[in-house]
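The values are calculated or read from the model by the stated rules, or taken from the named source; none is laboratory data. Keep in mind it's a predicted model, so treat the numbers as computed, not measured. Cβ placement follows ideal geometry from the backbone for every residue including glycine, while neighbour counts extend to all protein chains displayed. Heads up: the accessible areas ignore ligands, DNA and RNA and are worked out on the full protein's heavy atoms, side chains in. Shrake-Rupley method; radii C 1.70, N 1.55, O 1.52, S 1.80 Å.
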Amino acid sequence: MPVQAKLAAAWTSFMFLYIYVDYFHLYKPGAIDHIRSGVIFEFTISPTYLTIVLALVAIPALMILLSKTLPARANRTTNLIVAALEIPFAAINAAGESWDWASFYGLSIGIEVLILVFILRAAWTWPRATDGITR
């Protein structure tokens with residue numbers, strides 16, 4: 001299977017998990033009340049805040065497209081940089097959470113990090129010289 005397809009599939013899986021974790025977070029007691037009061041994770045909901053959040057979500061979403069369309073060298077470099085930067089970002093999701101939610105955040109962050117490690121490995125081991133076929 002071509003490396004680009006593996007990377008695009010991994011970023012797609014990452015995005016599905018990313019979205020569902022955010023969605024399931026809404027089921028936590030009090031989550032909707034905080035949103036209604038204009039606060040998310042201690043941050044006031046504002047146009048600036050939502051623009052920043054959208055930009056952060058857009059990065060891995062764009063990686064699906066970029067993984068299929070960038071030339072090999074740029075593709076490899078972009079995947080290595082973005083996946084490496086996403087790992088600490090994934091861990092931040094558990095900041096300030098109680099141990100009651102450790103299983104939820106542990107599983108979600110664990111799977112996100114596994115997908116990101118897969119992306120890093122696929123990009124790192126991408127063959128530098130090919131026989132006319134990009135793998």
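General remarks:
Here is a yes/no grid of residues against (1) modelled with pLDDT under 90; (2) exposed (fewer than 11 other Cβ atoms within 10 Å of the Cβ):
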site: GLU86; (1), (2): no, no
site: PHE89; (1), (2): yes, no
site: ASN93; (1), (2): yes, no
site: GLU97; (1), (2): yes, no
site: TRP101; (1), (2): yes, no
site: LEU107; (1), (2): no, no
site: PHE118; (1), (2): no, no
site: ARG128; (1), (2): yes, yes
site: ILE133; (1), (2): yes, yes
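- Cβ separations smaller than 8 Å between residues 6+ apart or across chains give the following pairs from the range 28-39 residues that are touching a residue at least 24 places away in the same chain (Cβ under 8 Å) to residues that are outside any loop (DSSP other than H, G, I, E, B) and not β-branched (Val, Ile, Thr): LYS28/TRP101.
- Among the residues making up the range 78-104, those that are touching a helix residue (DSSP H, G or I) at 6+ places or on another chain (Cβ under 8 Å) and farther than 15 Å from TRP11 by Cβ are ALA91, ASN93, ALA94, GLU97, PHE104.
- Flag for LEU50 being under 19 Å from ILE109 (Cα atoms) and either among the hydrophobic types (A, V, I, L, M, F, W, C) or open to solvent by 50 Å² or more (accessible area, probe 1.4 Å) (or both): no
For (1) open to solvent by less than 40 Å² (accessible area, probe 1.4 Å); (2) modelled with pLDDT under 95; (3) closer than 22 Å to TYR105 by Cβ; (4) hydroxyl-bearing (Ser, Thr, Tyr), each residue gets a yes or a no:
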| site | (1), (2), (3), (4) |
| --- | --- |
| LYS6 | no, no, no, no |
| TYR18 | yes, yes, yes, yes |
| LEU26 | no, yes, yes, no |
| PRO29 | no, yes, yes, no |
| ILE35 | no, yes, yes, no |
| MET63 | yes, no, no, no |
| SER67 | yes, no, no, yes |
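- Hey, TYR18 in contact with an Asp or Glu (Cβ under 8 Å, 6 or more places away or on another chain), closer than 21 Å to LEU116 by Cβ and of a type outside the set (A, V, I, L, M, F, W, C) or not: yes
- A single entry from ALA72, ALA123 fulfils the requirement of being over 21 Å from PHE16 (Cβ atoms), of a type in the set (Gly, Ala, Ser) and over 11 Å from the mean Cα position of the chain (by Cα): ALA72.
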